[in-house]
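Here the structure is laid out as structure tokens; the discussion comes afterwards.
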Amino acid sequence: MKSFEFPYGTGTQTLVLDEQHIQYHLTSTQTKEITHEEEAIRYSLRHPIDSRPLVDCVKTSGTVVIIVSDVTRAVHTDRMLRAIVAELEEAGVADDQITVLVALGTHRQQTKEETAAVCGRDMMRRLNIVQHDCHDENQLVSVGTTSYGNDVRLNRLAVEADTVILTGAVSFHDMAGFGGGRKAVLPGIAGYDTIMTNHALALNPDCPYGMDPRCDAGKLSDNPIHCDMMEGAAFLKPAFLVNLVLTAEGKLHDVVSGDWQTAWQEGCRRLLALDGVPIEHLSDVVIGSAGGHPKDINLYQATKAHMNAVFAVKPGGILILAMACPDMYEPADFTDWFFRDDLDEVLSAVRQHFTIPAFSAYKTRCLIRMMKEVYIVTDRAYFEVIRRTGEIPAETMEEAWQMAQKTLQAENKTDYTVTVMPYAAATLPVYQKRDRS
């Protein structure tokens, strides 16, 4: 028997499993962790990819906008800001020349405490920090139209800045292939209609369930959402990028800096080498977690665990996922769509008026329908929410596992296989069929 720990909110859930059934335990393929983060980031800023060092890319007499992720992304923004600002200070850029623009995309506005947690209280005291609002027309300006017909409207502060620096972390993304890089611009600081037009490229009436299979985790080649994002970000002409490569546990593994396109693409390759885990077999059961706070801050964020875990489970298999979701009902648009039973009606509505939460709810519900059973470990207060999604709630991993075992026993499955994914939202199973030749 072996004990496994699954991140759950700010704590953990524990489950003991019979090792004879464990097919894969999917975690980071490397254990390298950078402890002196700001030092490593500053080194990267001075030794960039396909670019001059940061200090040589900045117009020192002009305005500088640093685009950062919001509270839903635990990407060590405070450490990046300290390193970047220290370099800018040495180059002669004063604090009052710098604006930090929080790339909220379509997310809600942050509280002061959340902004302090993201940027650091020291940076809040020193710098002007502005939150993007995708609905505020006064913040937006048109910069061009992509080849996909998307009218790109971006935050005026960034468009009018002399120097724009992108920050963030490379991650797997269930629609755009990978997060980070150009996503700081689109959707990060884009207008609502621009964001929706971009993400609506995930719809394809000629594909199963109406979803384009090119728009999925780990896929960039010919991915229309990614390609449109790249075109949209190119209108802004960012001067520099710094992105972190984090382990599934959220520890710093690597830093890429330099050209906003090629440095980020190198970061994608490094993340895939780190957290893209090859598998040769699908399992009967996948047991995982969204990865704890903030990855399970709400159901909307936590369903990224579904998106990755499905790559490891057999069709008609069983999923067990732990997610605390203290903000279970945020955003309301997501949970409202998640409760609807008629998926054909949902797809029709999404086609007529696309929203990201509605599409994410539709895609997740389709994945749930493909499974025999999906168990969600969460607080008892949210059991009815989970039931309305077609999933089965449980308070503990042990309770969920006992119910799943009854299903396996009823099907006379004694040789079932299990894949364990403690950080399912950040680990991508890469299914590789074994060559029998």
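Look through region 34-70, keep the residues that are open to solvent by 30 Å² or more (accessible area, probe 1.4 Å) and of a type in the set (A, V, I, L, M, F, W, C), and return whichever of them is farthest from Leu241 (Cα to Cα).
Among those residues, the one meeting the criterion is Ile34.
Return yes or no: is Ala184 assigned by the TED database to the domain that holds Val55, under 24 Å from Leu81 (Cβ atoms) and more than 16 Å from the chain's Cα centre (by Cα)?
no
As an exercise: evaluate Thr31 against (1) modelled with pLDDT of 95 or more; (2) of a type in the set (Val, Ile, Thr); (3) loosely packed, with under 15 Cβ neighbours inside 10 Å and give the number of the one condition it does not meet.
Checking Thr31 against (1) modelled with pLDDT of 95 or more; (2) of a type in the set (Val, Ile, Thr); (3) loosely packed, with under 15 Cβ neighbours inside 10 Å, the one that fails is (1).
Among the residues of region 191-199, is any open to solvent by 30 Å² or more (accessible area, probe 1.4 Å), within 28 Å of Leu45 (Cβ to Cβ), more than 15 Å from the chain's Cα centre (by Cα) and not polar (S, T, N, Q)?
No.
Taking region 249-292 as the search range and keeping residues that are touching a Gly at 6+ places or on another chain (Cβ under 7 Å) and at pLDDT below 95, which one is nearest to Thr167 (Cα to Cα)?
Leu272
Taking Ala233, is it within 16 Å of the chain's Cα centre (by Cα) and closer than 25 Å to Ser257 by Cα?
no
Looking at this structure, is Val102 under 25 Å from Glu38 (Cβ atoms) and among the β-branched types (Val, Ile, Thr)? If you could, list the steps in order and put the result at the bottom.
Details: under 25 Å from Glu38 (Cβ atoms): yes; among the β-branched types (Val, Ile, Thr): yes.
So Val102 passes the test.
Considering each of Ile34, Ile41 in turn, give the residue that is among the β-branched types (Val, Ile, Thr) and in a loop (DSSP other than H, G, I, E, B).
Unique residue meeting the criteria: Ile34.
How do the strands (runs of 3 or more DSSP E) wholly within region 77-185 filter down when requiring 1 or more residues that are open to solvent by 10 Å² or more (accessible area, probe 1.4 Å), aromatic (Phe, Trp, Tyr) and in contact with a Leu (Cβ under 6 Å, 6 or more places away or on another chain): which remain?
Because the criterion is at least 1 residues that are open to solvent by 10 Å² or more (accessible area, probe 1.4 Å), aromatic (Phe, Trp, Tyr) and in contact with a Leu (Cβ under 6 Å, 6 or more places away or on another chain), the strands (runs of 3 or more DSSP E) in region 77-185 that meet it are 163-173.
The values are calculated or read from the model by the stated rules, or taken from the named source; none is laboratory data. Given the structure is predicted, the values throughout are model-derived calculations rather than measurements. Cβ: placed from backbone, ideal geometry, glycine included. Neighbour counts: every protein chain shown. Just so you know, the surface numbers come from the protein's heavy atoms only, side chains and all, with ligands and any DNA or RNA stripped out. Shrake-Rupley method; radii C 1.70, N 1.55, O 1.52, S 1.80 Å.
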